[in-house]
Amino acid sequence: MIDFVVQQFAVFLTQMSALALDPVTYLYLFGSVALGIVFGALPGLTATLAVTILTGFFGNKFPVEQSLIALIGAYVGAIYGGSYPSILLNIPGTAASAASALDGYPLTRQGRGGEALGLTTTSSVIGTLIGTFCLLIFVWVLLAVAQNIASPEKALLALFGILVSGTLMSSDLVVKGWIAGLIGLAMAMVGLDPILSEHRYTFGWSYLLSGFLVVPVLMGAFAIPQIMTGLRTGPVSGRPPQVGRIVPHWRTISRNMPTIARSGSLGVGIGALPGVGEDVAGWVSYGVGKSFSKEPEKFGRGSLQGLLSAETANNACIGGALIPLLVLGIPGSPPAAALLGALMINNVTPGPTIDPDLIVRIVAILVLASLATFALGLFMARVFISVLKVPQTIFLPVVLVLTTIGSFSVGGGINDLFIMVIVGLFSYALIRMEYPIAPLVIGVILGGLFDESFRRAMLVSDGDLSVFVTRPGAGILLFLNVLLILSQVPPVRRAMKRLVARGISDAGASDQPGSPS
Amino acid sequence: MHDRAALRRQDFWTALLLAGLSLFFLWKTSEIPFFRANAAGVESGRWYNSAAIVPYAIFATILVLSLGLLVTAIRQGGAPWLRRAVTADAETGGFARLCAVAAIMLFYIFALVPRVDFTIASALVLQALIYGFHETRARATAIAVVAVAIPALYALAMHFPRSEWNTPQDDDWITLAAFVILAVVALVETRLCHGRLDKAIAIAPVLSVLVPFLLVIAMAFGFRQNVPNRTGLLFKQVEYHYYVTVKPWLAGKGR
């Protein structure tokens, strides 16, 4: 085991030094991280949008190794950048940093905004590095497992990704998350089918023969609703307060190291769940941090532990989200879905057959991106704070133009723009009715994989459905899928609650003196 | 975001719509061969290999889930009173602004971008969105929508077929004129309304021209990507001078 880890680090250091010695790396890296921080800092713009817009710019005209520096840099920068308005203005820059506002803003009101920003920067970097370390180690273990994954497991994994995303991302009824995922799956059915080349739902429009392209769908689903919501609301900007010293004290960091380590591990775990993003990681880690804390009453009133729990986890989630993406081609979060779109238009297919060098290179880029975030976050924070003064009625129209040209350039030209707007208006309507959008996008991305894998499995087994039960991996995944569905069915939930309550009361009764042990 | 009762009222109608759509797509799926298929001259007559099997499962599940949503919506008091939910939104003026944003966006993507020079079309839309939505004033929003609608409808009416998207440039000139008029109107009207000029409105005309201009140049010559309407009024000149003036000059300098 130790030999394996040492060997991995040797390969990683080789890739890292190759990247570090190339001056072009720094141009892409600092440019994209700064852009990502600005995107994260501007309320309404998200990490997914930053990665998607850059995908439109880089397209497939640049080597994928170079594009990845920009895309991952923007991803890391944007997740971190969301903390600025959360801490200073109580307006979450991204959904991922919503939990940070609970303690970040009270700290600013106590005159400790600079300290909060410095600690957030440090914990974000440590979180990203924890995620990166886990990615470097676990991706190989899972890749070895993934070699044994065949069509039945692939189909069930894709279904599991859509179901998990639909279940965990729903803010209202879980059924809405599932419906959103199924609508995404249905959208993925459009075009020529992958096995028999039958026309499906093209309605005579030749453009639809190749199905929905990922980038216009991503831009439509994530950019258009934000633009519409933002312009409907009117100008939202703030006057950020003056902040003092930003560089954190080492003593404070070391005192909070257990919180950072725990939140980092949690973030990686949640990130590795298909389709569950940084926002869930932030909230779950915040809740866990509160239950572990010796001073839970301070949470929500300016607790450093609360702030660090949320911020470390949402950054650690990045490494975690890349694990299922690289091993199985299933994105772990919405920005990872955008990254998958970029890989797909560059003809890189994530999964068991992915080039191992590319994985190590991605790990090296993540490390460099987190170091660039650290440098920019500590020494250029005041520049990013000044960005908060820009009202959304100025930058959202600019985003419309950016997404238009980005979507146009990627492939299908003007037809992609039509799809982008139609998907955007539809997504806006869904968001207004509290349907989550991430499952829809995950459905569009995984729909092709699900369709092809399911039918291949059926073809190989000659129509025998037991193939989904008899194979051990498929059996486990089927069990998880069924369990997930049943856990959300109201009568089953009520029965489970009754069982748990009865178990607790039985345990209570057995603890009574005189009861049989 | 919403009060629960209003949300359930929307859920009621959404569930009905989803059920209707899933039935329609189940019917469309029935057009895909299920028990016997002949693809590219090859007979493949097994149900489990059919291109319809997964879509059948998807739309049947959507149908079941939408019926489940319908039941939930009815149980939680969502069946009647839909009109009240809509009027509540309309009363705040939010609904009108939303319709205005959607209209500008649709005019931009479906009428202007395919037919008009990208920089000019984007400048008009940027100016309209900044002026029309920076303040919550109904008059500014209405002026912005009209300013985008006139050149967009003209472009649609005069150059609807795809064959005419790139050739004539009269729609480019009309869009440019609409942009200039809107920029002037925005400056004057805001000043008359408030007695002073808001910083965002003041910089809007410059920003509206610079952003798309720099973007299209960066995309076309920096990132080497395809850009919309290469024969547009402005881009045609830029591209010509890039290849005829700038590139030879740079090559000569490098020698």
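The values are calculated or read from the model by the stated rules, or taken from the named source; none is laboratory data. These numbers come from a predicted model, not from an experiment. A quick note on method: Cβ atoms are made from the backbone with ideal geometry, for glycine too, and the neighbour counts reach across all protein chains shown. Only protein heavy atoms, including side chains, enter the accessible area calculation; ligands, DNA and RNA are left aside. Shrake-Rupley method; radii C 1.70, N 1.55, O 1.52, S 1.80 Å.
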Listed residue (B:Ser66, B:Tyr243, B:Pro168) projecting farthest to the positive dipole end of chain B, Cβ model: B:Ser66
All lysines inside 21 Å of A:Lys290 as judged from Cα atoms, apart from same-chain residues fewer than 8 positions distant: A:Lys298
Shape box of the protein assembly as shown [Cα atoms, principal axes, largest first, Å]: 90, 73, 67
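Where does each of B:His194, A:His199, B:His134 land when they are ordered by accessible area, with a 1.4 Å probe and the largest first?
Details: B:His194 85, A:His199 110, B:His134 20 Å².
These residues rank, largest area first, as A:His199, B:His194, B:His134.
What is the mean number of Cβ atoms from other protein chains located within 10 Å of the Cβ atom of each residue in peptide B:117-128, rounded to a whole number?
That works out to 2 on average.
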Solvent exposure, largest accessible area first (probe 1.4 Å, DNA, RNA and ligands not counted), of B:Phe223, A:Phe374: A:Phe374, B:Phe223
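Taking beta carbons within 10 Å but only from partner chains, what does the mean come to for residues A:145-156?
Taking all residues of A:145-156 together, the mean is 0.
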Accessible carbon and sulfur surface of the protein assembly as shown relative to its total accessible area, %, 1.4 Å: 67
Estimated vicinal HN-Hα couplings, Hz - region A:330-341 in sequence order (Karplus 6.51, -1.76, 1.60; Gly, Pro = x): 10, x, x, 7, x, x, 5, 5, 5, 5, 4, x
Reach of B:Lys236 by Cα under 18 Å, taken over aspartates and glutamates that are not fewer than 8 positions away in the same chain: B:Asp117, B:Glu164, B:Asp170, B:Asp171, B:Asp172
Cβ-defined net charge surrounding A:Asn90, 12 Å radius [Lys, Arg +1; Asp, Glu -1]: 0
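What does the net charge come to around B:Leu192 if you take all other residues with beta carbon closer than 14 Å to its beta carbon, with K and R at +1 and D and E at -1?
Details: positive: B:Arg137, B:Arg139, B:Arg191, B:Arg196; negative: B:Glu135, B:Glu189, B:Asp198.
Within the 14 Å Cβ shell, the charges total +1.
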Computed magnitude of the charge dipole of chain B (debye, nearest 20; Cβ of K, R +1, Cβ of D, E -1): 480
Charge dipole of the protein assembly as shown about the Cα centre (unit charges at C-beta), most positive-ward option of A:Val38, A:Leu68, A:Trp205: A:Val38
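Classify region A:154-201 as rounded, prolate or oblate, taking a ≥ b ≥ c as the square roots of the eigenvalues of its Cα gyration tensor: rounded when a/c is under 1.5, otherwise prolate if a/b is larger than b/c and oblate if not.
Oblate is the answer for region A:154-201, as a/c is 1.5 or above yet b/c matches or exceeds a/b.
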Check: chain A dipole with +1 on Lys, Arg Cβ and -1 on Asp, Glu Cβ, in debye: 1480
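Which loop trypsin sites (Lys or Arg not before Pro) in region A:316-392, with loop taken from DSSP, have no more than 14 other Cβ atoms within 10 angstrom of their Cβ? Can you show the working numbers first?
Numbers: sites: A:Arg361, A:Arg382, A:Lys389; in loops: A:Lys389.
Within region A:316-392, the qualifying trypsin sites (Lys or Arg not before Pro) (loop, at most 14 other Cβ atoms within 10 Å) are A:Lys389.
Any of A:Lys61/B:Lys253; A:Lys154/B:Lys28; A:Lys154/A:Lys176; A:Lys176/A:Lys389 with alpha carbons more than 29 Å apart? Name them for me. Mind showing how you got there, number by number?
Details: A:Lys61/B:Lys253 27 Å; A:Lys154/B:Lys28 27 Å; A:Lys154/A:Lys176 24 Å; A:Lys176/A:Lys389 36 Å.
Flagged as over cut-off: A:Lys176/A:Lys389.
On average, how many beta carbons from a partner chain sit within 10 Å of the beta carbon of a residue in A:414-426? Intermediate results must be reported in sequence, preceding the final value.
Details: counts 9, 1, 0, 6, 4, 0, 1, 6, 2, 0, 3, 3, 0.
Counting Cβ atoms of other protein chains within 10 Å of each residue's Cβ and averaging gives 3.
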Tilt relative to chain B, helix B:94-106 - C-alpha long axis, 0 to 90 degrees, to 10: 70
Straight-distance crosslink candidates among aspartates and glutamates, where the alpha carbon sits under 16 Å from B:Lys247 and sequence neighbours closer than 8 are dropped: B:Glu239
Among B:Ile203, B:Ile181, B:Ile74, residue whose mean-square fluctuation peaks in a GNM of chain B (springs only between Cα atoms under 10 Å): B:Ile74
